[in-house]
Amino acid sequence: MKLQHDESITLPETVAHLAEQPLCRIVATWGLLQNHYLNRQRIMQAFNVPRRKAGYILRYIVHSPCITCDQHVYTHPRSHRQELRVWIRTVSQPQPLRTKSTRVHSEDRQSVWAQLLQRPWSELHL
């Protein structure tokens, strides 16, 4: 199955039902279902994306607040090249954006100070 907004990316059948989700969440869910580490090569092969885009996806997964993962830099024994390996632990739903500010306004702050200053010393727990 192909993503609607990007026709060049192919989704594996195990995550085809997540086509409406962002690509990094789809890849992270796929990695969680595979129960194996993710690297650029695995993402390239499974999702038919270029090497650079696979690296961007992997980096975004590592820094995403909705995805819990362990990461390790693996050094190949013969070529001594390094690659990032990421094990996905959890993929959670993104938190909704706050619509109302919880900041205390100056009028509220002044009323709190006025109440504190008018209290007798015996009621303050110092």
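Please treat every number below as a calculation from the coordinates, not as lab data. Owing to the predicted nature of the structure, the values given are computational and were not obtained by experimental measurement. Neighbour counts run over all protein chains shown; Cβ positions are idealised from the backbone, glycine included.
Each residue in LEU117, LEU84 was given a count of other beta-carbon atoms within 10 angstrom of its own, and listing them fewest first yields LEU117, LEU84.
For segment 1-93, the alpha-carbon coordinates run over 40, 26, 20 Å along the three principal axes, in decreasing order.
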